[in-house]
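Engineer: Dropping a structure here in structure tokens format, bear with me for questions.
Every number here is computed from the coordinates shown, using simple stated rules; none is lab data. Nothing here was measured: the structure is a model prediction, and the numbers come from that model. Counting neighbours? That spans all protein chains shown, and the Cβs are built from the backbone with ideal geometry, glycine included.
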Amino acid sequence: MTMTATKPAQASASGAGERPPRVATLALPALTAMVVGSMVGAGVFQLPSRFASQTGVYGAVIAWTIAGLGMLSLAFVFQKLAIRKPTLDNGVYVYAREGFGDYPGFLSAFGFWASACAGNAFYWVLIMTTLSQLFPGLGSYLGEGNTWLAFALSTAAIWGFFALIRRGVREATGINAVVTVAKLVPLALFLVLAIVYFDREVFVGNLTGGYDLPGGSSLFAQVQGTMLITVFVFLGIEGASVYSRYARKRRDVGRATILGFTSVLALFASISILAYGILPRAEIAALAQPSIGGVLEAAVGPWGGTLIRIGLIVSVLGAYLAWQLLAADVLYAAAKDRDMPRHLARTNSRGVPQNAVLWTSVLVTTILFAIQFVDNALDFSLDLTAALALAPFALASAYALKIAVRRDGYDDVAPRTRVLEILVAAVSTVYTLFLVWAAGYVFVFLACLLLAPASLLYLRARRERGEPVFTRAGRVTFLVVAVFALVGIVLLATGVVQI
């Protein structure tokens, strides 16, 4: 998961609510670097343990193949949407609104915002559990980021950032540079040392992941269990489409997307697969997060784990400001489009959408409070972040397929190009729907538990516009969401579903 990718109306480097200034046109290497930077984030530090807990080498290879093809198709969908519909530049959610109506658009906007907020909560859980490893004396107090002291410290930090953002503090180029070095240098070192200390016998013992043993999960079930983490690490892929307008040569856009994406895919796959050559799968699965630190520590000693953990904390702390700005600006952009109540579009004297930042901080704090009662706070917040982003991605893919089939925006496009884009959009749509299924019904119900009451914001926004609340299709969609929310409440109350 990363935090540097935004739509033009969003704010990370330029500040909430302002359009970033146009940058100079970029050559292929610089454009590729921006695509890479939009995808490499904190999630990569979790890969070894998350993969080892589900599968072995064979399953990991299959999972990255599926994720690679699916996510590349999604990247091309966003890139082509930016070209075919250049006026729709207020975020991922506008594609759902334009393609399927106001209420699905609202659900997409709220879901994407909630995903960003869950990601911010994940960051604080990760920071606290990493601190407890760096300073063992704090372990009993911070635990795995889900103790009340960890919650209190995280909450204080959240509202400290709120105060900074409210005063107009923005992401600085210098901070961005430190963040980039802090995350890439340890990852590069991990790859080098993992190759040096690679043990072929250990690797061979991790090939199957147990599907060939009595009672072992099938290979398909193993692969299914890895899907949410692959989504999480690729969050930010929608930002690749933003950079198309900065290309010096138009043909460089596709090249940068492919080069950047394949580079990131190779990095992610290498980290998760090389770890199988350092420790047995069961030991990797049992490592505390960030598990890259545990793997490196097993190979070279304590200094390896310490380096990874320090790099992670610097990276996440530096990145949090940009991600918080991004989350707030999802609300701000939707309010500017009158899809959210207009008070969320109000800015203070410093040009900051204060109300959007306020409610973003409130939701992050609420999620942090809720996960204090979850057995595995880190994995749960990671999975929740990924799951909430799936519907916006699926709707954007379906919209790309819809306009390609209807020739909307394809007046001067060669038939062969349109057919190719239909195929890419179809692959992306099928892939994102598969991810929704692979995430499991628990996260569908949890998402609806958030979306159903959030529909009150939609009701208020429609009344402010003086328009009917629902179309016929919107009413059906709301009823489905409400029923799923009620079922979720019943399942949680009766203990059928436990989180």
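Engineer: Taking the alpha carbon gyration tensor of region 335-398, what are the square roots of 5 times its eigenvalues, largest first, to the nearest whole Å? The partial results should precede the final answer.
Structural biologist: On the way: eigenvalues 148, 77, 13 Å².
For region 335-398, the semi-axes come out at 27, 20, 8 Å.
Engineer: Arrange the peptides 43-50, 201-208, 427-434 so that the one whose residues have, on average, the most other Cβ atoms within 10 Å appears first.
Structural biologist: Working: 43-50: 26.9, 201-208: 15.8, 427-434: 20.2.
Taking the mean over residues of other Cβ atoms within 10 Å, the ranking is 43-50, 427-434, 201-208.
Engineer: Taking 35 Å as R0, compute the FRET efficiency from the Cβ-Cβ separation of Ala157 and Val469 and round it to 0.05.
Structural biologist: Details: r = 38 Å, r/R0 = 1.10.
So, using R0 = 35 Å, E works out to roughly 0.35.
Engineer: Suppose every K and R has +1 on its Cβ and every D and E has -1 on its Cβ; what is the size of the dipole of region 28-438 about the Cα centre, in Debye to the nearest 20? Spell out each step's value before the answer.
Structural biologist: Working: 28 positive and 22 negative charges, 303 e Å.
Around 1460 debye, computed over region 28-438.
Engineer: Next question, about the same structure. If the chain between Leu164 and Leu69 were fully stretched, how many nm would it gain, using 0.36 nm times the residue separation less the Cα-Cα distance? Let's see the in-between values first.
Structural biologist: Values: separation 95, 0.36 × 95 = 34.20 nm, distance 4.02 nm.
Computed gain between Leu164 and Leu69 is 30.2 nm.
Engineer: Apply 1/(1 + (r/R0)^6) to the Cβ-Cβ distance of Leu486 and Trp437, taking R0 = 30 Å, and write down the FRET efficiency to the nearest 0.05. Numbers along the way, then the final one.
Structural biologist: Values: r = 21 Å, r/R0 = 0.71.
That pair, Leu486 with Trp437, gives E of 0.90.
Engineer: So for Cys117, Cys448, fewest C-beta neighbours within 10 Å to most, what's the order?
Structural biologist: Working: Cys117 30, Cys448 21.
Ascending Cβ contact count within 10 Å gives the list Cys448, Cys117.
Engineer: Given N residues in region 429-499, what is Rg(Cα) / (2.2 N^0.38 Å)? The partial results should precede the final answer.
Structural biologist: Working: Rg = 14.5 Å, N = 71, 2.2 N^0.38 = 11.1 Å.
That works out to 1.31 for region 429-499.
Engineer: Assuming 0.36 nm per residue, please report the length gained on full extension of the stretch Ala414 to Ala493 beyond their Cα-Cα distance. Each step should come with its number before you reach the end.
Structural biologist: Details: separation 79, 0.36 × 79 = 28.44 nm, distance 5.57 nm.
Length difference between fully extended and current span is 22.9 nm.
Engineer: Which of rounded, prolate or oblate describes region 354-499 when judged by the alpha-carbon gyration tensor and an a/c cut-off of 1.5?
Structural biologist: On the way: a/c = 2.02, a/b = 1.51, b/c = 1.34.
Prolate is the answer for region 354-499, as a/c is 1.5 or above and a/b outweighs b/c.
Engineer: Taking a ≥ b ≥ c as the square roots of the Cα gyration tensor eigenvalues, with a/c under 1.5 meaning rounded and otherwise prolate when a/b beats b/c, else oblate, which class fits region 415-466? Let's see the in-between values first.
Structural biologist: Details: a/c = 8.68, a/b = 1.52, b/c = 5.72.
Cα axes put region 415-466 in the oblate bin.
Engineer: Related question: One-quarter of the Cα convex hull surface for region 28-438, in nm²? Numbers along the way, then the final one.
Structural biologist: Values: hull surface 82.1 nm².
Approximately 20.5 nm², given one-decimal rounding.
Engineer: Continuing with this model, one more query. Which of the listed residues, Ile66, Leu107, Pro214, is farthest toward the dipole's positive end in region 28-438, when Lys, Arg count +1 and Asp, Glu count -1 at the beta-carbon?
Structural biologist: Result: Leu107.
Engineer: Moving on. When the chain is fully extended, how far beyond the present Cα-Cα distance does Val61 get from Leu138, taking 0.36 nm per residue of separation? Can you show the working numbers first?
Structural biologist: Working: separation 77, 0.36 × 77 = 27.72 nm, distance 3.75 nm.
Full extension of this stretch gives 24.0 nm more.
Engineer: Mind giving me the FRET efficiency for Leu191 and Asn376? R0 is 30 Å, r the Cβ-Cβ distance, nearest 0.05 is fine. If you can, show how the numbers build up before the last one.
Structural biologist: Numbers: r = 27 Å, r/R0 = 0.91.
For R0 = 30 Å, the calculated efficiency reads 0.65.
Engineer: Further, regarding this structure: How do 269-276, 415-422, 485-492, 79-86 rank on mean C-beta neighbours within 10 Å, highest first? Before the final figure, lay out each step's value.
Structural biologist: Values: 269-276: 23.4, 415-422: 13.5, 485-492: 16.2, 79-86: 19.1.
For the peptides 269-276, 415-422, 485-492, 79-86, the packing ranking is 269-276, 79-86, 485-492, 415-422.
Engineer: Would you mind checking the radius of gyration and Dmax of region 53-151 based on alpha-carbon positions, in Å?
Structural biologist: For region 53-151, the Cα-based Rg and Dmax read 19.8, 56 Å.
Engineer: Moving on to the next point. By per-residue mean of other Cβ atoms within 10 Å, what is the highest-first order of 278-291, 381-394?
Structural biologist: Numbers: 278-291: 20.3, 381-394: 26.5.
Listed from highest to lowest mean packing, they are 381-394, 278-291.
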